[in-house]
Amino acid sequence: MKETLVIIAVIFAIIGNVPYLRDVIKGKVQPHPYTWLVWSVVSLITFFGQVVKGAGIGAIPTGVAELFTIIIFLF
């Protein structure tokens, strides 16, 4: 059951971030660097907090969302 929820959450993270990332790459949207930096730091702290406290596979969706946040920040 947990694995199914993780897969669903990862799919939602991808679906939610890919269109925005595509628009950033095409130049339709310009992300504000400081905002995305703050979100990256907060998400990274959240992810590592989950890992340290034993979230197991439950931390995977947070990690996937964090990867997108960092990628968008870098663009």
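The values are calculated or read from the model by the stated rules, or taken from the named source; none is laboratory data. No experiment lies behind these values; they were computed from the predicted model shown. FYI the Cβ positions are ideal-geometry reconstructions off the backbone, even for glycines, and counts take in every protein chain you see. Just the protein is used for accessible areas: all its heavy atoms, side chains included, with ligands, DNA and RNA removed. Shrake-Rupley method; radii C 1.70, N 1.55, O 1.52, S 1.80 Å.
When the chain is fully extended, how far beyond the present Cα-Cα distance does TYR20 get from ILE71, taking 0.36 nm per residue of separation?
Values: separation 51, 0.36 × 51 = 18.36 nm, distance 1.11 nm.
Taking 0.36 nm per residue and subtracting the Cα distance, the gain is 17.2 nm.
If you roll a 1.4 Å probe over the heavy atoms of the protein chains, what accessible area per residue do you get for the chain, in Å²?
For the chain, the per-residue accessible area is 70 Å².
To the nearest 10 degrees, how steeply does helix 2-26 sit against the main Cα axis of the chain, on a 0 to 90 scale?
The angle comes out at about 10 degrees.
Where does the chain land at 222 nm, in deg cm²/dmol rounded to the nearest 500, when only DSSP H runs of n ≥ 4 count, each adding -39500 (n - 2.57), divided by all residues? It would help to have the intermediate numbers written out before the result.
Values: 3 runs with 60 residues, N = 75.
Taking each H run of at least 4 residues, the total per residue is -27500 deg cm²/dmol.
What ranking, highest mean first, results for peptides 56-62, 13-19, 43-49 when packing means the other Cβ atoms within 10 Å averaged over each residue?
So the order, starting with the most tightly packed, is 56-62, 43-49, 13-19.
Given labels modelled 7 Å from the Cα in the Cβ direction, how far is it in nm from LYS28 to ALA9?
Here the modelled spin labels are 2.9 nm apart.
Roll a 1.4 angstrom probe over the protein heavy atoms and tell me the percent of accessible area of the chain that is carbon or sulfur.
Values: 3890 of 5270 Å².
Ligands and nucleic acids excluded, carbon and sulfur give 74 percent.
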